[in-house]
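Here is the structure we will look at.
The values are calculated or read from the model by the stated rules, or taken from the named source; none is laboratory data. Keep in mind that this is a model prediction, so the values were computed, not measured. Neighbour counts are summed over all protein chains in view; Cβ atoms, including those assigned to glycine, are modelled from backbone coordinates with ideal geometry.
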Amino acid sequence: MKDIYDDVLAHAQKHGRAYLAQVHEQPVFPSEEALSNLKTFEEALPTKGQSAIDTIDMLHAIGSPATVATTGHRYFGFVVGGTVPASVGANWLAGAWDQSPSSFMNSPVGTKLESVAAGWLRDILGLPDHLGVGMTTGATMANFTGLAAGRSALLRRAGWNVEEDGLYGAPEIKVIVSEEVHVTVEKALAMLGLGKKRVTRVPTDANGAMKLDALPELDALTMVCTQAGNVNTGAIDPIGAICARAREVGAWVHVDGAFGLWGRLLEHMTDAFEGIEQADSLATDAHKWLNTPYDCGIVLTRHPEALHHAMATVAPYFKAEEAMAPKDMVPEFSRRARGVEVWAALRSLGRDGVTGMIEGCCVHARHFADGLQAIGFDVLNDVVLNQVVATIGSPEELADIRALVEASGECWFGPTVWKGRHAVRISVSSWRTTAEDVERSLAAIAAAKAAILGD
């Protein structure tokens, strides 16, 4: 006897497999026709429900062509990773499970896999075993969560319980950031009531790393927000040295490592990451360089008790658990079981596979930099990880070149401004990208450059 889900899931699987099989050849950014067809969704809410199969068929027929091919081979915008096969399969199965891993009582398998994945993350990233780990929607909330733990810990040491008494009348926390701080860290500071403007900004070097000699004096009510992977250049702040200074006075060091933290796996980057394990909190994304589906952020902290104090949710219908429940380590109470995908990606790739994926992206980034220089672009950064910043011509001509490349459908990359210069940023983050994809993309860029600037 057929289950009510059989035909619907069979259709969804058929369409999903067809999409993934052709995504490497579809336009990386949707065509005008595909975008225009989105108007088909603007129908009146049906009085009577429509067929589930027809609904799935419509979703594929109209929706799939209008996607940005972020899981394909030649998407190089916004440091967006692809999706490794095991993580897609795990995502589908976890969707069928419909688990909310707030606690063991709510989802034994969800909490167990999240716990195992947390241990593997500490292991592969070379971080201490006692770090607390929480899984969030992305680096924005991971930064928020890590900084919330820092706010809680610093104020508690000063005799103030911010969770109970709020910030009115609280001792002032000084926040230090890089002049290249990412907007998500600023957003987190705003949500925490610490403000975007009430910060001290530290100058950076030519590649965007914080200058250690410009770091102001720290004290026991200071939070320092560092970066492992500047969003434009991939530069890493001198985090180990900053941590050493912070430990002397009891300051809190947070690391925004949304993508760059995975660079710790690279042997040639050992010196750049030295001492990062001494940071008090760290944020990263699995949906960037681990190539899991959206959404999946990760917060790690050397002070799990501070994170627990900042995030714990207590209700009479939840029994006390020996371990800190997932709901007590992140802002979300109800959330999807994203740890299942992290576990699946790590298990299917293994240490060597993850390292090889990271190394491959960095090799392709250097290939891009060399190719861009060969066709007349100025590469503006030292390519230390997977980021390339380049420019040519006037800002208007550069924008026209980028528009032509986008219209070709061959690849996609975004605009940026680096040290006052209009540029483009190429982020190589997908496991599917090959040297052939880089050459194909460079050919499209060269053709667009010739059309705008001539040979």
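For the reader, a short list of remarks on this structure follows.
- Single unsatisfied condition, A310 versus (1) under 20 Å from Q99 (Cβ atoms); (2) in contact with an Asp or Glu (Cβ under 8 Å, 6 or more places away or on another chain); (3) at pLDDT 90 or above: (1)
- Of the residues making up region 132-177, just one is closer than 11 Å to A306 by Cα and in a strand (DSSP E or B), namely G132.
- Once region 217-229 is narrowed to residues that are assigned to a loop (DSSP other than H, G, I, E, B) and either in contact with a strand residue (DSSP E or B) (Cβ under 6 Å, 6 or more places away or on another chain) or of a type outside the set (D, E, K, R) (or both), the residue that is surrounded by the most Cβ atoms within 10 Å (Cβ to Cβ) is G229.
- Considering residues of region 393-422 that are aliphatic (A, V, I, L, M) and surrounded by 19 or more Cβ atoms within 10 Å (Cβ to Cβ) only, the residue nearest to A69 (Cα to Cα): V405
- Scanning region 167-197 for residues that are loosely packed, with under 15 Cβ neighbours inside 10 Å and in contact with a strand residue (DSSP E or B) (Cβ under 7 Å, 6 or more places away or on another chain) gives a single hit, E179.
- Contacts under 7 angstrom Cβ, first residue in region 91-102 being under 20 Å from S348 (Cα atoms) and in the same structural domain as A337 (by TED's automatic domain parsing), partner of a type in the set (A, V, I, L, M, F, W, C) and not in a helix (DSSP H, G or I), 6 or more apart: A94/A337
- Filtering region 178-216 to residues that are part of a helix (DSSP H, G or I), under 22 Å from G260 (Cβ atoms) and touching a Lys or Arg at 6+ places or on another chain (Cβ under 7 Å) leaves E186, L189.
- Total residues in region 326-381, condition touching a residue at least 40 places away in the same chain (Cβ under 8 Å), of a type outside the set (A, V, I, L, M) and either out of contact with any strand residue (DSSP E or B) (no Cβ under 6 Å at 6 or more places or on another chain) or over 30 Å from A443 (Cα atoms) (or both): 24
- Residue count for region 207-222, restricted to those that are within 23 Å of N386 (Cα to Cα) and free of Cβ contacts under 8 Å to residues at least 12 places away in the same chain: 1
- S152 being within 18 Å of A283 (Cβ to Cβ), assigned by TED's automatic domain parsing to the domain that holds D271, surrounded by 13 or more Cβ atoms within 10 Å (Cβ to Cβ) and touching a strand residue (DSSP E or B) at 6+ places or on another chain (Cβ under 9 Å): no
- Just one of the listed residues (T55, T71, T83, T67) is in contact with a Pro (Cβ under 6 Å, 6 or more places away or on another chain) and not aliphatic (A, V, I, L, M), and it is T83.
- Any hit, region 81-99, residues being aliphatic (A, V, I, L, M), at pLDDT below 95 and in a loop (DSSP other than H, G, I, E, B): no
- In region 1-36, residue farthest from R440 (Cα to Cα) [restricted to those that are outside any helix (DSSP H, G or I) and hydroxyl-bearing (S, T, Y)]: Y5
- Filtering A12, A96 for residues that are of a type outside the set (S, T, Y) and crowded, with 18+ Cβ neighbours inside 10 Å leaves a single hit, A12.
- Filtered residue count, region 249-282, keeping only those that are part of a loop (DSSP other than H, G, I, E, B) and surrounded by 18 or more Cβ atoms within 10 Å (Cβ to Cβ): 8
- Within region 233-287, the set of residues being among the aromatic types (F, W, Y), over 16 Å from T184 (Cβ atoms) and under 19 Å from the mean Cα position of the chain (by Cα) comprises W262, F273.
- Meets criteria (over 18 Å from D370 (Cβ atoms), in contact with an Asp or Glu (Cβ under 9 Å, 6 or more places away or on another chain), at pLDDT 95 or above and assigned to a helix (DSSP H, G or I)) for I452: yes
- For the condition farther than 30 Å from N207 by Cα and touching a residue at least 24 places away in the same chain (Cβ under 8 Å), M141 does not qualify.
- Which listed residue is in the same structural domain as P331 (by TED's automatic domain parsing) and at positive phi, from G193, G240: G193
- Index of the failed condition, D129 passing every other in (1) surrounded by fewer than 21 Cβ atoms within 10 Å (Cβ to Cβ); (2) closer than 30 Å to A423 by Cα: (2)
- The criterion of being in contact (Cβ under 8 Å) with a residue 12 or more places away in the chain, surrounded by fewer than 18 Cβ atoms within 10 Å (Cβ to Cβ) and closer than 30 Å to G16 by Cα holds for V116.
- Checked against the criteria, K39 counts as among the basic types (K, R), out of contact with any Ser or Thr (no Cβ under 6 Å at 6 or more places or on another chain) and either in a loop (DSSP other than H, G, I, E, B) or within 30 Å of A407 (Cβ to Cβ) (or both).
- Of all the numbered requirements in (1) under 17 Å from R366 (Cβ atoms); (2) surrounded by fewer than 22 Cβ atoms within 10 Å (Cβ to Cβ); (3) of a type outside the set (G, A, S), T433 misses one, and that requirement is (2).
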